[in-house]
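Step one of this worksheet: look at the structure below.
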């Protein structure tokens, strides 16, 4: 599979954001009177599967006080970074959605699988929704804008989906590159299987480590607590980072740079920077804007696992840099 072809297709999907001439810069969040009214009116089928999945995870968290252990807490924090930081922030977002760097197929597939273990669905659906968000951010067509309500942008938008006859068209418009990848498609179809298998592995590991009490701790903290922590961390990018914070750039949306969201999402909270330059691998543009995910991308580059990293804001900057190196 040619990486250049995939990058061109993903960039073409993102180019739609240039076709919103009516979009105007936003300064303050004014919520709509009807939640979800900016969203596509065709995306109104109730997603009972998603509702059930999220309900089970949040009910499982209620067992956390009764199964606490230091080992379980450490496990939850480590897996939060692995599945949320590496899987979603780096894999789903900067690699698969925005093609902020290129890599080998097996690395792409690995990040797609790790991202799936964050509990946010398949890479294909995630990427399609996020590319559409960038195309219509905080304007008509945005699936999760706080203009439609803070809770809508945080979680309620997930309760709805396209009906079956519309879903494929949505995917083909916004994620045609990923939909043709058989490995990423397989990972998405087997989403729940991997979660059940990983839960079993954690339970057995906990049992081997410290008996039934530790097995329950590993299961509750390594699965339910960790997944809910990952989910709400990334959801805050959609909600809080479009409501509270400061702006380095004028954009046609309400994106903000929010330090505490950046802290729990490994750099994703520098959201105004990202919306100003979506393909740029680095989201932190000032010295204090720490971006752990970009540090990881730089490490991958040092190891020979990433190349053509988009570490410039505009193509002219890349051209100037190449001329300077040639001189």
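The values are calculated or read from the model by the stated rules, or taken from the named source; none is laboratory data. Keep in mind the model is a prediction, meaning the values are calculated, not measured. Cβ sites come from the backbone with ideal geometry, for glycine too, and all protein chains shown count toward neighbours.
Here residue 279 meets the list (1) farther than 20 Å from residue 82 by Cβ; (2) surrounded by 24 or more Cβ atoms within 10 Å (Cβ to Cβ); (3) under 16 Å from the mean Cα position of the chain (by Cα) almost entirely, failing just condition (2).
The single condition among (1) in contact with a helix residue (DSSP H, G or I) (Cβ under 6 Å, 6 or more places away or on another chain); (2) modelled with pLDDT of 95 or more; (3) surrounded by fewer than 24 Cβ atoms within 10 Å (Cβ to Cβ) that residue 300 does not meet is (1). Considering 183, 225, which residue is at pLDDT 95 or above and under 19 Å from residue 84 (Cβ atoms)? After ruling out the rest, the residue left standing is 225. From the list 270, 244, 287, the one residue that fits, being buried (at least 23 other Cβ atoms within 10 Å of the Cβ), farther than 19 Å from residue 117 by Cα and free of Cβ contacts under 8 Å to residues at least 60 places away in the same chain, is 270. Condition test on residue 306, is it within 21 Å of the chain's Cα centre (by Cα), closer than 22 Å to residue 251 by Cβ and modelled with pLDDT of 95 or more? For residue 306, the condition - within 21 Å of the chain's Cα centre (by Cα), closer than 22 Å to residue 251 by Cβ and modelled with pLDDT of 95 or more - is not met.
From the list 112, 118, the one residue that fits, being assigned to a helix (DSSP H, G or I) and either free of Cβ contacts under 8 Å to residues at least 12 places away in the same chain or in contact with a helix residue (DSSP H, G or I) (Cβ under 6 Å, 6 or more places away or on another chain) (or both), is 112.
Taking residues in the range 166-191 that are on the phi > 0 side of the Ramachandran plot and buried (at least 16 other Cβ atoms within 10 Å of the Cβ), and partners anywhere that are modelled with pLDDT of 95 or more and in a helix (DSSP H, G or I), not one pair has Cβ atoms closer than 7 Å while being at least 6 places apart or on different chains.
Evaluated against (1) in a loop (DSSP other than H, G, I, E, B); (2) crowded, with 17+ Cβ neighbours inside 10 Å, residue 93 falls short on exactly one condition, (1).
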